[in-house]
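**Q** Before we start, here is the structure in question, set down as structure tokens.
The values are calculated or read from the model by the stated rules, or taken from the named source; none is laboratory data. No experiment lies behind these values; they were computed from the predicted model shown. Don't worry about glycine lacking a Cβ; one is built from the backbone with ideal geometry, like all the others, and counts go over all protein chains shown.
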Ligand SMILES: [Zn+2]
């Protein structure tokens, strides 16, 4: 079987944010893009050509913020149960979530933690071979201050300093997740919660993580909690509602990623009483976040698409489409939005030569029906997915 394939792509989005190109010839060999150039009939043998002239090629997607041990169900009883499920039940839930991610072309995910560390244990000893194409990055259990928000996704630091906790825990994780603020209020619009960790403690913790070769994803909403996370040198700010222009400018300057998880707010708002006060606050929160995303784009912040899938109403896989739609609403072109869901995500996860259709890079890509104008909806029914050396 020849490992070489020659493809005619009707359109191609390369993952860099550059405008889509029409009629592109893509030659791949042994899991690597070998040649990408404008298509011309004379230069190829038609019998060897894979004709995707009615489709758009784009890099495989990255969801930079998920919670694999939870589903997006809005049934509160099931949600409660999922928090205390045993490992065997959790494994089934994680496998279902991975299947959904895979079918939506998501070939890399960064887990933001769960209270039992199940995603990490799944990766360590139960990763189903059928999901081997997915690069899974896990945090284990997130860290939060006792008495503060975070028990859904991790554990409190019971004694000592955060840096000591990070240093002494098991090392089968890919990054550290720290909760640095509360959740956004649904009763008081824009109300900021106090930071959880003092700047010195956070700085020290992030430095220890860096010594261990681990990046830090920091949950932070509000000016002060985000400001501290940035000053402490985090790798990415998660959510970042109400952080303000100063923090956005700082983020652009420092090259720190922002994962705005806007759809999670929209979904949360849809779960509370229609016409009620909480619904209104949620919608205003979302509006504010979209304005921040518009500003971030102008300031040159590196954004990554992360869905917070596993939150209420946020379903693994399809949520990437929902989040991409909000990027478009915030003024991103589809190519720019795809960049946030491919190259930027791959960079944040430390995936080498992934997230871009480029000579010499890995051949993880999606074949979506129709032209780029069908995106992101066309990701609901993907024609083919190529991972490594084969079509799945
Ligand atoms: Zn989360």
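**Q** Between 67, 104, which is within 16 Å of the ligand (Cβ to nearest atom), surrounded by 15 or more Cβ atoms within 10 Å (Cβ to Cβ) and under 19 Å from the mean Cα position of the chain (by Cα)?
**A** The match here is 67.
**Q** Given 184, 247, which one is in the same structural domain as residue 300 (by TED's automatic domain parsing) and not in a loop (DSSP other than H, G, I, E, B)?
**A** 247
**Q** Has segment 267-276 got at least one residue that is within 15 Å of the ligand (Cβ to nearest atom) and in contact with a helix residue (DSSP H, G or I) (Cβ under 9 Å, 6 or more places away or on another chain)? First the steps, then the outcome.
**A** First, pick out the residues of segment 267-276 that are within 15 Å of the ligand (Cβ to nearest atom): 267-268.
So of that shortlist, the ones also in contact with a helix residue (DSSP H, G or I) (Cβ under 9 Å, 6 or more places away or on another chain) come out as 267-268.
Scanning segment 267-276, I find at least one residue that is within 15 Å of the ligand (Cβ to nearest atom) and in contact with a helix residue (DSSP H, G or I) (Cβ under 9 Å, 6 or more places away or on another chain), so the answer is yes.
**Q** Of all residues in segment 37-64, which are under 31 Å from the mean Cα position of the chain (by Cα) and part of a loop (DSSP other than H, G, I, E, B)?
**A** Once the filter is applied, which keeps residues that are under 31 Å from the mean Cα position of the chain (by Cα) and part of a loop (DSSP other than H, G, I, E, B), segment 37-64 yields only 60.
**Q** Restricting attention to segment 178-210, report how many residues are in contact with a helix residue (DSSP H, G or I) (Cβ under 9 Å, 6 or more places away or on another chain), modelled with pLDDT of 95 or more and surrounded by fewer than 22 Cβ atoms within 10 Å (Cβ to Cβ).
**A** Looking only at that region, the number is 7.
**Q** Given (1) away from the ligand (no atom under 16 Å from the Cβ); (2) buried (at least 16 other Cβ atoms within 10 Å of the Cβ); (3) in a strand (DSSP E or B), identify the lone condition not met by residue 16.
**A** Residue 16 satisfies all of (1) away from the ligand (no atom under 16 Å from the Cβ); (2) buried (at least 16 other Cβ atoms within 10 Å of the Cβ); (3) in a strand (DSSP E or B) except (3).
**Q** Go over the candidates 52, 39, 33 one by one and state the one that is in contact with a strand residue (DSSP E or B) (Cβ under 7 Å, 6 or more places away or on another chain), within 26 Å of residue 342 (Cα to Cα) and modelled with pLDDT under 95.
**A** Going through 52, 39, 33 in turn, the sole match is 39.
**Q** Of the residues that make up segment 265-281, is at least one surrounded by fewer than 23 Cβ atoms within 10 Å (Cβ to Cβ), touching a residue at least 12 places away in the same chain (Cβ under 8 Å) and within 30 Å of residue 207 (Cα to Cα)?
**A** No, the conditions are met nowhere in segment 265-281.
**Q** Another question, then. Could you tell me which numbered condition residue 220 fails, if it satisfies all but one of (1) more than 16 Å from the ligand (Cβ to nearest atom); (2) closer than 30 Å to residue 277 by Cα; (3) surrounded by 14 or more Cβ atoms within 10 Å (Cβ to Cβ)?
**A** The number of the failed condition is (1).
**Q** I need every pair where a residue in segment 349-362 that is under 27 Å from residue 238 (Cα atoms) has its Cβ under 6 Å from the Cβ of a residue that is part of a helix (DSSP H, G or I), sequence separation at least 6 or different chains.
**A** These pairs meet every condition: 354/346; 355/343; 355/346; 356/343.
**Q** Quick check on my filter: what residues within segment 277-292 are in contact with a strand residue (DSSP E or B) (Cβ under 9 Å, 6 or more places away or on another chain) and more than 15 Å from the ligand (Cβ to nearest atom)?
**A** 292, the sole residue that qualifies.
**Q** Going by the structure shown, is residue 130 free of Cβ contacts under 8 Å to residues at least 40 places away in the same chain and either crowded, with 17+ Cβ neighbours inside 10 Å or more than 16 Å from the ligand (Cβ to nearest atom) (or both)? Don't jump to the end; show me each part of the working.
**A** Working: free of Cβ contacts under 8 Å to residues at least 40 places away in the same chain: yes; either crowded, with 17+ Cβ neighbours inside 10 Å or more than 16 Å from the ligand (Cβ to nearest atom) (or both): yes.
It is true that residue 130 is free of Cβ contacts under 8 Å to residues at least 40 places away in the same chain and either crowded, with 17+ Cβ neighbours inside 10 Å or more than 16 Å from the ligand (Cβ to nearest atom) (or both).
**Q** Further, regarding this structure: Go through segment 85-151 and tell me which strands (runs of 3 or more DSSP E), entirely inside it, have 2 or more residues that are at pLDDT 95 or above, in the same structural domain as residue 176 (by TED's automatic domain parsing) and out of contact with any helix residue (DSSP H, G or I) (no Cβ under 7 Å at 6 or more places or on another chain). First the steps, then the outcome.
**A** Values: elements: 106-111, 135-137, 142-144.
In segment 85-151, the matching strands (runs of 3 or more DSSP E) lie at 142-144.
**Q** Do you know which residues across segment 245-259 are in contact (Cβ under 8 Å) with a residue 24 or more places away in the chain and more than 12 Å from the ligand (Cβ to nearest atom)?
**A** Correct list: 245, 247, 248, 249, 251, 252, 254, 255, 256, 257, 258.
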